[in-house]
1. ³J(HN,Hα) across segment 31-40 via Karplus (A = 6.51, B = -1.76, C = 1.60, θ = phi - 60°), whole Hz, x for Gly/Pro?
2. Classify segment 1-52 as rounded, prolate or oblate from the Cα gyration tensor: take a ≥ b ≥ c as the square roots of its eigenvalues, call it rounded if a/c is under 1.5, otherwise prolate when a/b beats b/c and oblate if not.
3. Give me the net charge for the shell around Ser28: Cβ to Cβ below 14 angstrom, other residues only, Lys and Arg +1, Asp and Glu -1.
4. What ³J(HN,Hα) values, in whole Hz, does the Karplus curve 6.51 cos²θ - 1.76 cosθ + 1.60 give for segment 10-18 when θ = phi - 60°, with x put for Gly and Pro?
5. Roughly how many nanometres apart are two label points built 7 Å out from the Cα toward the Cβ at Lys43 and Leu25?
6. Label points 7 Å out from Cα along the Cβ direction at Phe32 and Val15: separation in nm?
Amino acid sequence: MANFEEHMTKLETVVERLERGDLSLDESVRLFEDGMKLSSACKKELEQAEGRIQVLVEGKGGKMKPVELELVEGDKTDTEEAVE
């Protein structure tokens, strides 16, 4: 996950430089392209991490079993709502 943090730091730097608005058009376009590549790399790493996430929930007989985490919009996941 170290790459994710590195990519995020670089992406934040790109955004800060673009927001200043003191760059030439060519430099702005180049930075935008770099930012899109960094954003894509971050998204890919997050998707890979999401695929590995499991949440333990209590099953029948009090045994714990792994359940894939399902992300939904809002404050709770489907798994959290099922546990309540």
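1. 3J(HN,Hα) across segment 31-40, in whole Hz: 5, 4, 4, 4, x, 5, 5, 5, 4, 5.
2. Because a/c hits 1.5 or more and a/b exceeds b/c, segment 1-52 counts as prolate.
3. -4
4. For segment 10-18, the Karplus curve yields 5, 5, 4, 5, 4, 4, 4, 5, 5 Hz.
5. Reported label-point gap for Lys43 and Leu25 is 2.7 nm.
6. Here the answer is 1.7 nm between the modelled labels.
Bear in mind these aren't lab numbers, they're just calculated from the coordinates by the rules spelled out. The model shown is predicted, which means the values in this text are computed figures rather than measured ones. As a convention, Cβ positions derive from the backbone with ideal geometry for all residues, glycine included, and neighbour counts pool all protein chains shown.
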